[in-house]
Amino acid sequence: MKKQRYSVITFLSVLFVINSCATKRPILSPNDHLTKIGVEAADKDIDDCIQLAKTNIGKYSTEKKIAEQTAMGAAVGAASGAAVGAIGGNVGWGAASGAAGGAAGGLIYGLFKARDPDPLLKQYIEKCLHEKGYDVIGWK
């Protein structure tokens, strides 16, 4: 049992690290300004705009978003598990196992969904880059 718990914790930790390193960034159109200053300077400008957005709007709360998804998954899982448990004659066991499964599903979903930047932060970054002469054509 202990070994299995460590395996799950290790797996989730690896997922979190991979996901946190893969935050989406703006993709710039190759306009005259980008061609003139180069990719390295543009990357620095992107980093500067991201930092300004975090400072002026507030740090994007990845942890809060993941916690909300996990809680929602647990609630849906508990309700579903209770319904299945009622049919099988063990509501408590069904609710508990459903909550555990739902929480795990919500956590995994939240980890992958957390890559998406907050819409307000995204808008701020795009405006900042536009004011510097760039055209944002998407996020990747």
TODO: Kindly provide the set of residues from the stretch 38-58 that are at pLDDT 95 or above and either among the acidic types (Asp, Glu) or closer than 14 Å to Tyr124 by Cβ (or both), ordered by number.
DONE: Glu40, Asp43, Asp45, Ile46, Asp47, Asp48, Cys49
Task: Subset tally (residues that are out of contact with any Leu (no Cβ under 6 Å at 6 or more places or on another chain) and within 11 Å of Val136 (Cβ to Cβ)) for the stretch 27-41 - done: 3
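The values are calculated or read from the model by the stated rules, or taken from the named source; none is laboratory data. This one's a predicted model, so the numbers in the text were calculated from it and none came from an experiment. Cβ atoms come from the backbone with ideal geometry, glycine included; neighbour counts cover every protein chain shown.
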